[in-house]
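Readers should treat all values here as calculations from the given coordinates under stated rules, not as data from a laboratory. Keep in mind that what you see is a predicted model, and the values were worked out from it rather than measured. Neighbour counts are summed over all protein chains in view; Cβ atoms, including those assigned to glycine, are modelled from backbone coordinates with ideal geometry.
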Amino acid sequence: MPHSDPTLLYAWLIPLFPLVGFLINGFLSPIAGKPLPKALAGGLATVAVFSSFAVAVMLFLHVLSADAAHKQATVFLAPWMHVPSIAAEGVHGFTINFEMLIDPLSVLMMLIITGVGGLIHLYSMGYMAADKGYQRFFTYLNLFIFFMLLLVTSNNLPMLFIGWEGVGLCSYLLIGFFYEKKSAGDAAKKAFIVNRIGDVGVLIGMFFLFHYFGTLDFITGQSGVTGMTEAAPALVAAASTTVVTTLLLMIFLGCTGKSAQIPLYTWLPDAMEGPTPVSALIHAATMVTAGIYLLSRMHTLFILSDVAMVTIAVTGIATALFAASIGLMQNDIKRVLAYSTISQLGYMFAACGAGVFAAGMFHVMTHAFFKACLFLGSGSVIHAVEHAMHAAHDNDHAPADGLDPNDPQDMRNMGGLFPRIKVTAVCMIAATAAICGIWPFAGYYSKDEILFRDWATMVHGDWLFWGVGFLTALLTAFYMVRMVMKTFFGAPRTTAAKNAHESGPLMLIPIGVLAVLSLIAGWPILPLNFEKFSEFLAPSVGVTPAANPLVESELGLGTLAAIALVIVYCIFRYRSTKNNELMAPDARANRAFLSPGWLNWAILNKYFVDEAYNFWFVRQGKIFSQWLWRKFDLEGVDGIVNGVGALTAWSGQRVRRFQNGYVRSYAFSMVVGILLVLIGCLVGIGHK
Amino acid sequence: MFEFHGLLTLIVFLPAAFALLAALLPKTNLKAIQGMALIGTLATLAVSVLLYAQYTPNSPHQFQLIDKTQWISSLHINYFLGMDGISLMMVLMTTVIFPFVVGVSFKEITQRTREYYCWVLVMETAILGVFLSLNLVLYYLFWEGMLIPMYFIIGIWGGPKRIYATVKFFLYTMIGSMVMLVSIMALYFLAGSSTFDLPELQKHVSVGGMFSGKQATDILLFLGFFLAFGIKAPIFPFHSWVPDAYAEAPTGGTIILVALKMGLYGFIRFCLPLFPFAIKACAPVIIVLAVIGIIYAAFVAAMQTDLKRLIAYSSISHIGVIMLGIFALTSLGLTGAVMQMVSHTITTGALFILVGALYARRQSYKIADYGGLMAVMPMFTVVFLIATLSSVALPLTSGFTGEILLLMGSFQTNPWATGFATTAAIWSVVYMLWMFQRVMYGKLDKDENRSLPDLTRGEKLALFPLVLLIFALGIYPTPLLLNKVNPSVNTVLAQTMPVYADPFAAPPISTPKLAAVAMQPRGQK
């Protein structure tokens, strides 16, 4: 049954606005030869995103009021690729259209992207004001929003893939925004390459889907081929379980790349080289949740393979714990948040793997609020410290422990900022409470839901999933409170920290709005609670079975109490230790196996995963490629070619001697020839 | 027998006619010679647009706009030109790229200019002749004729190692051609055909036809063609002339070499319809070679220190992917292959123009001589990035449209090989982005680079149209290209499939049914 609804054609305005903003900022003005005034360039980009938000709200109201049969609709714009089948029977024609899918899930993502994205645009107008690449920044940012919207609105996998690779490209451009820094260029390249590994998975998944099921559309649209999500069980019956599992794992590989899960997470911490608003927008609120979005979009397929679901759950929960443990020891404020993002994304995958996609999506939303708030807040902190550093030119203490006294992102250069930047601090503490899962903040409702579901379903490894999730929640509380303590409390550790000043309203308003959202999202008295939320999403991601509220509240209270304990302990420890360091230098220097110092050393170095990847893949790859080029290609393949040439020349040189022009030697060879012929004849006669 | 529309003859010989005109101009009048060459290529482009408009995709005749007449009647050799959707795209691709070949040479070629432009125009005639000839002897003449201008273009106007490169190119291609000539002759005599015309020969290839019971002969004759096409394509392990020729040729010559899709075209036009049995037998080997080539060339490309050689190796890798599409023998794969041939020409052509622009500024192709160019050449960087992205097949660029169709089709028959080939998406990013980073990103630490000018007006004229084409083919391929190519691809496959499905035996079954069986996904049996 096709779902085409041409009356929704205006939905295409949503990606169109940022595209127009991108074209004006990126092409029209450079070709005309004059950059726009800063306020105009940034304003244009921001207005474009908020216009999309307005249209998204219209769509939201439409979907909300539509009757059950019309909650999902497709909007056809134009054909993209079309190859007809070669014969009528048994061969699938290949038809891919530019077609949007409007349903609760896509509308939700549109609202998050344009809403949070718009706030971050606004913030960037303040944050990037002094940068010479101002217009370039907004060009990239608008392009990113465009691709991200394509990703979440497409009705088929290839069009989703446009957005999927497109956001990867924008991520590349924005991580490498400060292109003169080598570390920025390296991080950008790393992000692109690691993401590409995942993208190959998505591509192969697409090949499988088309080959076996003949469709790449999510729901039935203009092409008339039954969409994969609708026909999933019937389609799967046609292929073997191995095929289905393989294809789903391939798609999931793509999700691990985009959403920074084990084993492809290493690019995200490095991605912090980009400007801070980028970290908030791309590497926390939107792009990295694309993997969870894709799982939810294709959930009718995923639930058909237990192997795939278990893999997702295990990967998610393992990543959550792993990343949280690394987050414990990081000194760079943005890297703490990066590992925390990876860890929270792991929670969302764990939710998907447990079959509660709605809970995963709910955490996507609340995480977008509080993590964007944290990143923007950290940007405000960095901004304040950096300006004070520029003003003071201070080098008042000697570098130690790899500490750069002029690094505005290092928490060891901060401390005691609370009275100096109060608004930022309060907002960040609110968001920290949310991420820790403190009642009544948003994270309490969303994380609680996931933990409880892992408890309630208990299909994959019973206690273990809940236990690991619980442990991760405790670690999360610890590293987040550690960050807050080191940044805002204690004595200022540099003069810069002493002289820090609060940022302007352009930056504070978005932080404030997000902090409020981190507080109230999920309140049962507001329409934004989880029950209403999953009810709204139901047409897209199915209805989740009713939970047992009694156990849920008990579990929730227990978790809450444990988290509160950790927080109190953490605050107490950091208040009582000198210089905000938990470990004495001599304990740190002791690297005996499994001693606290060793653990500290291993975690500080991120378990040496980057080093291992570098050694095994980059270094060995280079050695192998060098051998392939110098030895195999130049000496081997080309050597044979040149050798054939040389052989011809050499034999020519030899044979040339016979053509020496002396009659006597010609006569001699004639005699030899005649003799040979004679002998040949005689032998021949003898045989007869 | 006699049929003459004239358009194809016109387009083939138009560049040669302009070459003659240019030759008559005085040597010293540089502007007039350049203008003549540019007008010649643009006029050819105009005619090819006319062809595009004239071509009707869903006609019952495979070849259209036929020019056919007796030529050497004692040897049964006809003058026979004809066009289908596939050759239409090849012709368009060639005529589109040649004005750029002429344009980029304006500054670069300062010695013996009249000669240079004459050879370039003659070259265009030879290439168009190859794409449009349907008589094997006529085809062979054009194929060999192409060698002479190319020999001079590399040998006279090339880089420091030009003589080595051009001799290698010439001899290597020549060896392949000789073997192909033997195959052509043998085919003619074995078939007992009355002419060398392709449609005539094709009729003799069917179940119970000239190859029934002669598998060895069939495969040997196919290998004759395979060697010629494989060297020209180039396919691993016959690729080693490519880095030298690409690197030593002047920019214009390199772009011509990129646009030389004659080998790949030859596989589609001649090998598929004429040797269906042999292809069935040899496809696994070819596919393995293609996959090795894809990954191997990508690894080697990553290690290059010279921009031109890096792009040359990347070309070898891309050609491997196209081979995979052709020998998948599915309509998706073949259509994708045609698409990718066009896209590769445009994209790699743009990349070589960009590298040539760098060379014009700094007289160096060494990656190490650059770095941080983004600060002084922002617009150049953007265009370079777009070409790079099309080369790594980012969606909405032409490279993606070709690659996804091709791999999707190839997966239907060779899932494992396609799986390996798809990793090219990773390797291509490794070598292209690493190169991009080393040239564009980083600090502008070399004094010579500090004052490099951004794109000049001429360079913008050369690059913006190519960028537009990259996006046009990436965003709107169906009406532009796919609809014209699809029916022809299906005809070619229909000629290959019935025999392919059941080699060396069995009574003939109706075409569509068998094609359907051959195309059926494995899981649904």
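In this rough spin-label picture, where each label sits 7 Å from Cα along the Cβ direction, the B:Ile39-A:Ala564 distance is 9.1 nm. Against the main long axis of the alpha-carbon atoms of chain A, helix A:157-175 sits at an angle near 80°.
Helical runs (DSSP H, four residues minimum) scored at -39500 (n - 2.57) apiece and divided by the length of the protein assembly as shown put the mean residue ellipticity at 222 nm at -22500 deg cm²/dmol. Here's the picture: charge each Lys and Arg Cβ at +1 and each Asp and Glu Cβ at -1 in the protein assembly as shown, and of B:Gly159, A:Ala497, B:Leu198 the one pushed furthest to the positive end of that dipole is B:Gly159. Take peptide A:621-629, look around each residue's Cβ out to 10 angstrom, count Cβ atoms belonging to other protein chains, and average those counts. Per-residue shielding by partner chains comes out at 5.
Counting only chymotrypsin sites (Phe, Trp or Tyr not before Pro) that DSSP places in a loop and that have at most 16 other Cβ atoms within 10 Å, the longest clean stretch of chain B runs over B:3-503.
For peptide A:200-211, the mean count of partner chain Cβ atoms within 10 Å of a residue's Cβ comes to 5. Per-residue mean of foreign Cβ neighbours for B:481-491 is 2 (Cβ atoms of other chains, 10 Å radius). Calculate the FRET efficiency for A:Ile31 and A:Lys631 from the Cβ-Cβ distance with a Förster distance of 35 Å, rounded to the nearest 0.05. That pair, A:Ile31 with A:Lys631, gives E of 0.15. A straight line joining the Cα centroids of the stretch A:281-307 and the stretch B:230-286 runs 42 Å.
In this calculation the C-beta distance from A:Asn605 to A:Lys182 is compared with R0 = 35 Å, giving a FRET efficiency of 0.95. Note: relative contact order over chain B, using C-alpha pairs below 8 Å and six or more positions apart, is 15 percent.
Would you mind telling me the antiparallel percentage of the DSSP bridges in the protein assembly as shown, rounded to 5?
Taking every DSSP beta bridge within the protein assembly as shown, about 95 percent pair in antiparallel fashion.
Straight-line cross-link reach from B:Lys68 at under 28 Å between alpha-carbon atoms covers these lysines, not counting any fewer than eight positions away in the same chain: B:Lys203, B:Lys232, B:Lys261, B:Lys484. Loop sites by DSSP among the GluC sites (Glu not before Pro) of chain A, restricted to those with at most 13 other Cβ atoms within 10 angstrom, leave A:90-580 as the longest stretch without any of them.
Our note on the geometry: Cα centres of the stretch B:468-486 and the stretch B:318-346, 14 Å apart.
Here is the list for the stretch A:594-688: chymotrypsin sites (Phe, Trp or Tyr not before Pro) lying in DSSP coil, each with at most 12 other C-beta atoms within 10 angstrom of its C-beta, are A:Phe658, A:Tyr662. Excluding same-chain neighbours fewer than eight residues apart, the aspartates and glutamates reachable from B:Lys366 by a Cα-Cα span under 13 Å are B:Asp306. The label-point distance for B:Leu10 and B:Ala472, in a model that sets each label 7 Å from Cα toward Cβ, rounds to 2.1 nm. Which whole-angstrom value gives the distance between the alpha carbon centres of the stretch B:89-162 and the stretch B:1-46? Using only Cα atoms to place each centre, the spacing works out to 12 Å.
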